[in-house]
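The values are calculated or read from the model by the stated rules, or taken from the named source; none is laboratory data. Computed from a predicted model, the values in this text were never measured in an experiment. Ideal geometry is used to build each Cβ from the backbone, glycine not excepted, and the neighbour counts take in all protein chains shown. Heads up: the accessible areas ignore ligands, DNA and RNA and are worked out on the full protein's heavy atoms, side chains in. Shrake-Rupley method; radii C 1.70, N 1.55, O 1.52, S 1.80 Å.
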Amino acid sequence: MALLVALMLLAFGAAPAFAGLGDRTLRKGKRGGDVTRLQRILTKLDRPTAADGAFGSGTERNVRAYERSRRWKVNGMVGCGQAHEMSRAARGLDPGEGPFRYADRTLRRGRSGDDVKGLQTVLTQLGFPTSKTGAFGSQTDSAVKRWEASVRWRANGVADCRQLHRMRRAGSANADVPAGARNGGHVFPIRGEHSYGGSGARFGAPRGGRSHRGQDVPAAAGTRLVAPWQGVISAKGYQASGAGHYIVLASDDGLDYVFMHLPSAAPVGQGDRVATGQTIGAVGCTGGCSGPHLHFEAWTAHWFDGGQAFDPLPLLKQWDESS
Ligand SMILES: [Zn+2]
(Lines give C-alpha, C1' and ligand atoms only; values in the text may rest on other atoms or scores of the structure.)
Protein backbone atom coordinates (compact mmCIF):
# COMPACT_ATOMS: atom_id res chain seq x y z
CA MET A 1 0.00 0.00 0.00
CA ALA A 2 2.74 2.44 0.97
CA LEU A 3 4.50 1.60 -2.29
CA LEU A 4 1.31 2.17 -4.26
CA VAL A 5 0.85 5.57 -2.63
CA ALA A 6 4.47 6.43 -3.36
CA LEU A 7 4.07 5.46 -7.01
CA MET A 8 0.87 7.48 -7.31
CA LEU A 9 2.68 10.46 -5.82
CA LEU A 10 5.51 9.88 -8.28
CA ALA A 11 3.01 9.97 -11.10
CA PHE A 12 0.91 12.91 -10.02
CA GLY A 13 3.16 14.97 -7.77
CA ALA A 14 2.55 15.92 -4.16
CA ALA A 15 0.53 19.06 -3.40
CA PRO A 16 2.84 21.96 -2.60
CA ALA A 17 2.74 23.16 0.99
CA PHE A 18 2.46 26.95 0.99
CA ALA A 19 4.12 28.33 4.03
CA GLY A 20 3.51 32.03 4.12
CA LEU A 21 1.55 34.96 2.76
CA GLY A 22 3.37 36.16 -0.36
CA ASP A 23 4.68 32.73 -1.40
CA ARG A 24 2.08 32.59 -4.18
CA THR A 25 -0.52 34.84 -5.78
CA LEU A 26 -3.87 34.53 -4.00
CA ARG A 27 -7.11 34.71 -5.93
CA LYS A 28 -10.62 33.29 -5.85
CA GLY A 29 -10.58 29.52 -5.35
CA LYS A 30 -7.31 29.35 -3.38
CA ARG A 31 -7.26 27.76 0.08
CA GLY A 32 -4.73 27.64 2.86
CA GLY A 33 -3.12 29.25 5.86
CA ASP A 34 -1.94 32.16 3.72
CA VAL A 35 -5.59 32.87 2.77
CA THR A 36 -6.55 32.90 6.47
CA ARG A 37 -3.75 35.38 7.12
CA LEU A 38 -4.99 37.63 4.29
CA GLN A 39 -8.55 37.48 5.68
CA ARG A 40 -7.33 38.59 9.13
CA ILE A 41 -5.45 41.47 7.49
CA LEU A 42 -8.58 42.54 5.57
CA THR A 43 -10.52 42.58 8.84
CA LYS A 44 -7.84 44.79 10.43
CA LEU A 45 -8.12 47.08 7.41
CA ASP A 46 -11.83 47.63 8.21
CA ARG A 47 -13.13 45.09 5.70
CA PRO A 48 -14.43 42.34 8.03
CA THR A 49 -13.78 38.95 6.39
CA ALA A 50 -14.44 35.46 7.77
CA ALA A 51 -11.06 33.82 8.48
CA ASP A 52 -11.98 30.43 7.00
CA GLY A 53 -8.94 29.95 4.76
CA ALA A 54 -11.07 29.77 1.60
CA PHE A 55 -10.76 32.64 -0.90
CA GLY A 56 -14.41 32.99 -2.01
CA SER A 57 -16.62 35.80 -3.29
CA GLY A 58 -16.66 37.67 0.04
CA THR A 59 -12.87 37.75 0.26
CA GLU A 60 -12.62 38.80 -3.37
CA ARG A 61 -15.13 41.62 -2.88
CA ASN A 62 -13.16 42.93 0.10
CA VAL A 63 -9.83 42.71 -1.74
CA ARG A 64 -11.32 44.69 -4.62
CA ALA A 65 -12.74 47.32 -2.25
CA TYR A 66 -9.36 47.69 -0.58
CA GLU A 67 -7.56 47.91 -3.94
CA ARG A 68 -9.98 50.66 -4.98
CA SER A 69 -9.36 52.60 -1.75
CA ARG A 70 -5.61 52.50 -2.39
CA ARG A 71 -6.03 53.38 -6.10
CA TRP A 72 -4.25 50.14 -7.03
CA LYS A 73 -5.16 48.00 -10.02
CA VAL A 74 -8.54 46.48 -9.08
CA ASN A 75 -8.35 42.76 -9.93
CA GLY A 76 -9.19 40.96 -6.68
CA MET A 77 -5.81 39.22 -6.75
CA VAL A 78 -3.09 39.49 -4.13
CA GLY A 79 0.48 39.00 -5.34
CA CYS A 80 3.65 39.12 -3.30
CA GLY A 81 4.20 42.88 -3.18
CA GLN A 82 0.53 43.65 -2.55
CA ALA A 83 0.36 41.09 0.27
CA HIS A 84 3.29 42.76 2.03
CA GLU A 85 1.89 46.27 1.48
CA MET A 86 -1.48 45.18 2.96
CA SER A 87 0.24 43.53 5.91
CA ARG A 88 2.26 46.72 6.52
CA ALA A 89 -0.89 48.87 6.32
CA ALA A 90 -2.56 46.57 8.87
CA ARG A 91 0.46 47.23 11.12
CA GLY A 92 -0.14 50.99 10.70
CA LEU A 93 2.90 51.62 8.48
CA ASP A 94 2.93 54.01 5.54
CA PRO A 95 4.58 53.01 2.24
CA GLY A 96 8.35 53.39 2.46
CA GLU A 97 8.28 53.66 6.24
CA GLY A 98 10.26 51.24 8.44
CA PRO A 99 10.66 48.92 10.14
CA PHE A 100 10.73 46.43 7.29
CA ARG A 101 10.09 42.74 7.78
CA TYR A 102 11.57 40.11 5.46
CA ALA A 103 10.41 40.72 1.84
CA ASP A 104 8.53 43.94 2.70
CA ARG A 105 10.78 45.73 0.20
CA THR A 106 13.25 44.94 -2.57
CA LEU A 107 16.76 44.43 -1.22
CA ARG A 108 19.91 45.55 -2.95
CA ARG A 109 23.33 46.92 -2.12
CA GLY A 110 23.14 49.84 0.32
CA ARG A 111 20.02 48.69 2.22
CA SER A 112 20.20 47.96 5.92
CA GLY A 113 17.82 46.62 8.53
CA ASP A 114 16.38 43.48 10.06
CA ASP A 115 15.09 42.40 6.64
CA VAL A 116 18.70 42.40 5.36
CA LYS A 117 19.69 40.31 8.38
CA GLY A 118 16.91 37.87 7.43
CA LEU A 119 18.29 37.64 3.90
CA GLN A 120 21.78 36.95 5.25
CA THR A 121 20.39 34.09 7.37
CA VAL A 122 18.60 32.64 4.33
CA LEU A 123 21.74 32.92 2.17
CA THR A 124 23.70 30.98 4.78
CA GLN A 125 20.99 28.26 4.83
CA LEU A 126 21.23 28.11 1.04
CA GLY A 127 24.94 27.29 1.26
CA PHE A 128 26.27 30.82 0.65
CA PRO A 129 27.59 31.79 4.10
CA THR A 130 27.06 35.49 4.81
CA SER A 131 27.75 37.45 8.02
CA LYS A 132 24.57 38.63 9.75
CA THR A 133 25.48 42.32 9.87
CA GLY A 134 22.13 43.72 8.73
CA ALA A 135 23.99 45.80 6.12
CA PHE A 136 23.78 44.81 2.44
CA GLY A 137 27.40 45.22 1.34
CA SER A 138 29.71 43.51 -1.13
CA GLN A 139 29.65 40.11 0.65
CA THR A 140 25.83 39.94 0.57
CA ASP A 141 25.79 41.25 -3.00
CA SER A 142 28.17 38.49 -4.11
CA ALA A 143 26.22 35.78 -2.24
CA VAL A 144 22.90 36.89 -3.80
CA LYS A 145 24.47 36.88 -7.27
CA ARG A 146 25.94 33.41 -6.74
CA TRP A 147 22.54 32.09 -5.64
CA GLU A 148 20.88 33.73 -8.66
CA ALA A 149 23.44 32.12 -10.96
CA SER A 150 22.92 28.72 -9.27
CA VAL A 151 19.22 28.80 -10.24
CA ARG A 152 20.01 30.37 -13.62
CA TRP A 153 18.31 33.66 -12.86
CA ARG A 154 19.75 36.99 -13.98
CA ALA A 155 22.57 37.57 -11.50
CA ASN A 156 21.94 41.23 -10.67
CA GLY A 157 22.15 41.11 -6.86
CA VAL A 158 18.66 42.62 -6.56
CA ALA A 159 16.19 40.55 -4.53
CA ASP A 160 12.54 41.51 -5.02
CA CYS A 161 9.51 40.17 -3.16
CA ARG A 162 9.08 37.00 -5.22
CA GLN A 163 12.79 36.23 -5.19
CA LEU A 164 13.02 36.74 -1.43
CA HIS A 165 10.10 34.35 -0.91
CA ARG A 166 11.56 31.77 -3.26
CA MET A 167 14.91 31.99 -1.47
CA ARG A 168 13.33 31.61 1.96
CA ARG A 169 11.34 28.55 0.88
CA ALA A 170 14.45 26.93 -0.60
CA GLY A 171 16.48 27.92 2.46
CA SER A 172 14.03 26.48 4.98
CA ALA A 173 14.05 23.15 3.13
CA ASN A 174 17.85 23.33 3.32
CA ALA A 175 17.82 24.25 7.00
CA ASP A 176 17.28 20.56 7.74
CA VAL A 177 20.25 19.57 5.60
CA PRO A 178 23.10 18.41 7.83
CA ALA A 179 26.14 20.66 7.59
CA GLY A 180 28.13 17.72 6.21
CA ALA A 181 25.92 17.59 3.14
CA ARG A 182 26.22 21.33 2.55
CA ASN A 183 29.93 21.60 3.13
CA GLY A 184 31.40 18.88 0.96
CA GLY A 185 32.97 15.51 1.61
CA HIS A 186 30.44 13.96 -0.76
CA VAL A 187 31.22 12.30 -4.07
CA PHE A 188 29.57 13.54 -7.24
CA PRO A 189 27.23 10.70 -8.31
CA ILE A 190 28.10 10.65 -12.04
CA ARG A 191 31.64 9.43 -12.72
CA GLY A 192 32.12 10.98 -16.14
CA GLU A 193 31.35 13.99 -18.29
CA HIS A 194 28.01 15.61 -17.69
CA SER A 195 26.17 18.90 -18.03
CA TYR A 196 23.33 20.50 -16.10
CA GLY A 197 20.99 20.89 -19.09
CA GLY A 198 18.81 23.92 -19.75
CA SER A 199 16.03 25.58 -17.79
CA GLY A 200 13.78 22.55 -18.40
CA ALA A 201 16.22 20.38 -16.46
CA ARG A 202 15.82 22.45 -13.30
CA PHE A 203 14.01 21.64 -10.09
CA GLY A 204 10.58 23.28 -10.29
CA ALA A 205 10.46 23.37 -14.12
CA PRO A 206 6.90 22.76 -15.37
CA ARG A 207 6.14 19.13 -16.29
CA GLY A 208 2.64 19.01 -17.79
CA GLY A 209 0.69 20.56 -14.92
CA ARG A 210 3.06 19.59 -12.14
CA SER A 211 6.53 20.60 -11.24
CA HIS A 212 9.85 18.82 -11.84
CA ARG A 213 10.95 17.47 -8.49
CA GLY A 214 14.62 16.98 -9.28
CA GLN A 215 17.57 18.08 -11.38
CA ASP A 216 18.25 16.37 -14.71
CA VAL A 217 21.95 15.77 -15.36
CA PRO A 218 22.61 14.69 -18.97
CA ALA A 219 25.53 12.29 -19.43
CA ALA A 220 26.47 9.46 -21.82
CA ALA A 221 24.45 6.26 -21.41
CA GLY A 222 26.35 3.76 -19.30
CA THR A 223 28.32 6.33 -17.29
CA ARG A 224 28.83 4.89 -13.80
CA LEU A 225 26.66 6.17 -10.92
CA VAL A 226 27.97 6.07 -7.35
CA ALA A 227 26.55 6.75 -3.90
CA PRO A 228 27.37 10.35 -2.95
CA TRP A 229 27.42 9.30 0.71
CA GLN A 230 27.13 6.01 2.58
CA GLY A 231 23.71 4.74 3.56
CA VAL A 232 21.04 2.14 2.88
CA ILE A 233 19.11 1.51 -0.34
CA SER A 234 15.59 2.16 0.92
CA ALA A 235 13.67 1.58 -2.31
CA LYS A 236 14.24 0.01 -5.69
CA GLY A 237 11.71 -0.30 -8.46
CA TYR A 238 10.56 0.26 -11.99
CA GLN A 239 7.94 2.65 -13.29
CA ALA A 240 7.35 2.44 -17.05
CA SER A 241 5.65 5.82 -17.45
CA GLY A 242 7.93 7.88 -15.22
CA ALA A 243 11.01 6.97 -13.22
CA GLY A 244 12.02 3.90 -15.23
CA HIS A 245 14.48 1.85 -13.16
CA TYR A 246 15.09 3.80 -9.96
CA ILE A 247 16.61 3.52 -6.51
CA VAL A 248 16.42 5.59 -3.35
CA LEU A 249 19.41 5.96 -1.03
CA ALA A 250 18.61 6.79 2.61
CA SER A 251 21.95 8.41 3.27
CA ASP A 252 23.67 8.56 6.66
CA ASP A 253 23.92 12.35 6.18
CA GLY A 254 20.19 12.47 6.96
CA LEU A 255 18.95 12.99 3.40
CA ASP A 256 17.36 10.68 0.85
CA TYR A 257 18.75 10.72 -2.69
CA VAL A 258 16.73 9.43 -5.65
CA PHE A 259 18.26 8.16 -8.92
CA MET A 260 16.00 7.58 -11.92
CA HIS A 261 16.12 6.29 -15.53
CA LEU A 262 18.83 3.66 -14.83
CA PRO A 263 19.30 1.38 -17.90
CA SER A 264 18.40 -1.77 -15.94
CA ALA A 265 17.74 -2.90 -12.39
CA ALA A 266 20.43 -1.49 -10.08
CA PRO A 267 23.27 -3.80 -8.94
CA VAL A 268 22.25 -3.09 -5.33
CA GLY A 269 19.07 -4.27 -3.63
CA GLN A 270 16.60 -2.77 -1.22
CA GLY A 271 18.06 -2.96 2.29
CA ASP A 272 21.67 -3.14 1.06
CA ARG A 273 24.23 -0.95 2.80
CA VAL A 274 26.43 1.00 0.40
CA ALA A 275 29.66 2.89 0.97
CA THR A 276 30.42 6.42 -0.19
CA GLY A 277 31.52 6.15 -3.82
CA GLN A 278 30.19 2.60 -4.31
CA THR A 279 28.71 1.87 -7.76
CA ILE A 280 24.92 1.83 -7.58
CA GLY A 281 24.01 1.83 -11.27
CA ALA A 282 24.56 3.72 -14.50
CA VAL A 283 23.11 6.57 -16.53
CA GLY A 284 20.29 5.41 -18.78
CA CYS A 285 16.97 6.44 -20.25
CA THR A 286 14.27 4.03 -19.08
CA GLY A 287 10.76 5.29 -18.25
CA GLY A 288 9.65 8.77 -19.31
CA CYS A 289 12.89 10.00 -20.83
CA SER A 290 13.99 11.56 -24.11
CA GLY A 291 17.78 11.28 -23.80
CA PRO A 292 20.25 9.65 -21.40
CA HIS A 293 20.42 11.53 -18.11
CA LEU A 294 20.31 11.07 -14.38
CA HIS A 295 17.15 12.46 -12.81
CA PHE A 296 18.39 13.25 -9.31
CA GLU A 297 16.28 14.24 -6.32
CA ALA A 298 17.25 15.23 -2.78
CA TRP A 299 14.73 14.89 0.04
CA THR A 300 14.68 15.64 3.71
CA ALA A 301 14.03 12.36 5.57
CA HIS A 302 12.27 10.47 4.19
CA TRP A 303 11.21 10.01 0.60
CA PHE A 304 7.37 10.04 0.58
CA ASP A 305 7.48 9.40 4.29
CA GLY A 306 7.44 12.78 6.00
CA GLY A 307 10.17 14.38 3.90
CA GLN A 308 10.18 17.08 1.28
CA ALA A 309 12.07 17.37 -2.00
CA PHE A 310 14.22 20.46 -2.41
CA ASP A 311 16.37 21.91 -5.17
CA PRO A 312 19.44 19.63 -5.29
CA LEU A 313 21.48 21.78 -7.69
CA PRO A 314 23.50 23.67 -5.03
CA LEU A 315 24.48 20.31 -3.48
CA LEU A 316 25.37 18.78 -6.86
CA LYS A 317 27.52 21.76 -7.79
CA GLN A 318 29.39 21.67 -4.49
CA TRP A 319 30.04 17.94 -4.84
CA ASP A 320 31.02 18.46 -8.48
CA GLU A 321 33.65 21.04 -7.48
CA SER A 322 35.08 18.98 -4.64
CA SER A 323 35.11 15.49 -6.19
ZN1 LIG B 1 13.87 14.66 -14.51
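Odds and ends about this structure:
- Any chance G118 is in contact (Cβ under 8 Å) with a residue 60 or more places away in the chain and not assigned by TED's automatic domain parsing to the domain that holds R207: no
- Given (1) small (G, A, S); (2) more than 24 Å from G192 (Cα to Cα); (3) more than 22 Å from the chain's Cα centre (by Cα), number of the condition A219 does not satisfy: (2)
- Among (1) within 15 Å of the ligand (Cβ to nearest atom); (2) modelled with pLDDT under 90, the one test that R202 misses: (2)
The rows are residues; the columns are (1) modelled with pLDDT under 85; (2) among the hydrophobic types (A, V, I, L, M, F, W, C); (3) within 19 Å of the chain's Cα centre (by Cα).
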{"site": "A6", "(1), (2), (3)": "yes, yes, no"}
{"site": "L10", "(1), (2), (3)": "yes, yes, yes"}
{"site": "A19", "(1), (2), (3)": "yes, yes, yes"}
{"site": "T25", "(1), (2), (3)": "no, no, yes"}
{"site": "G29", "(1), (2), (3)": "no, no, no"}
{"site": "T43", "(1), (2), (3)": "no, no, no"}
{"site": "D46", "(1), (2), (3)": "no, no, no"}
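- In region 272-288, the residues that are hydroxyl-bearing (S, T, Y) form Cβ pairs under 8 Å with partners that are open to solvent by 50 Å² or more (accessible area, probe 1.4 Å), at six or more places apart or across chains, as follows: T276/W229; T276/Q230; T279/R224; T279/P267; T286/Y238; T286/P263; T286/S264.
- Considering each residue of region 110-128 in turn, none proves to be under 26 Å from the mean Cα position of the chain (by Cα), assigned to a loop (DSSP other than H, G, I, E, B) and surrounded by fewer than 17 Cβ atoms within 10 Å (Cβ to Cβ).
- Taking region 198-214 as the range and being assigned to a loop (DSSP other than H, G, I, E, B), surrounded by 13 or more Cβ atoms within 10 Å (Cβ to Cβ) and of a type outside the set (K, R) as the test, the residues that pass are F203, G204, A205, H212, G214.
- The one condition in (1) part of a loop (DSSP other than H, G, I, E, B); (2) closer than 11 Å to P228 by Cα that H302 fails to fulfil: (2)
- Pick from region 266-323, criterion more than 17 Å from the chain's Cα centre (by Cα) and of a type in the set (A, V, I, L, M), ranking: farthest from the ligand (Cβ to nearest atom): A275
- Verdict on G32 being open to solvent by less than 40 Å² (accessible area, probe 1.4 Å), without any contact (Cβ under 8 Å) to a residue 60 or more places away in the chain and either on the phi > 0 side of the Ramachandran plot or not assigned by TED's automatic domain parsing to the domain that holds G171 (or both): yes
- Some residue of region 235-242 being away from the ligand (no atom under 16 Å from the Cβ), in the same structural domain as P314 (by TED's automatic domain parsing) and touching a helix residue (DSSP H, G or I) at 6+ places or on another chain (Cβ under 7 Å): no
Rundown of residues vs (1) within 16 Å of the ligand (Cβ to nearest atom); (2) open to solvent by less than 10 Å² (accessible area, probe 1.4 Å); (3) at pLDDT below 95; (4) in a strand (DSSP E or B), yes/no style:
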| residue | (1), (2), (3), (4) |
| --- | --- |
| D216 | yes, no, no, yes |
| W229 | no, no, yes, no |
| V248 | yes, yes, no, yes |
| Y257 | yes, yes, no, yes |
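- Any chance A143 is among the hydrophobic types (A, V, I, L, M, F, W, C) and open to solvent by less than 20 Å² (accessible area, probe 1.4 Å): yes
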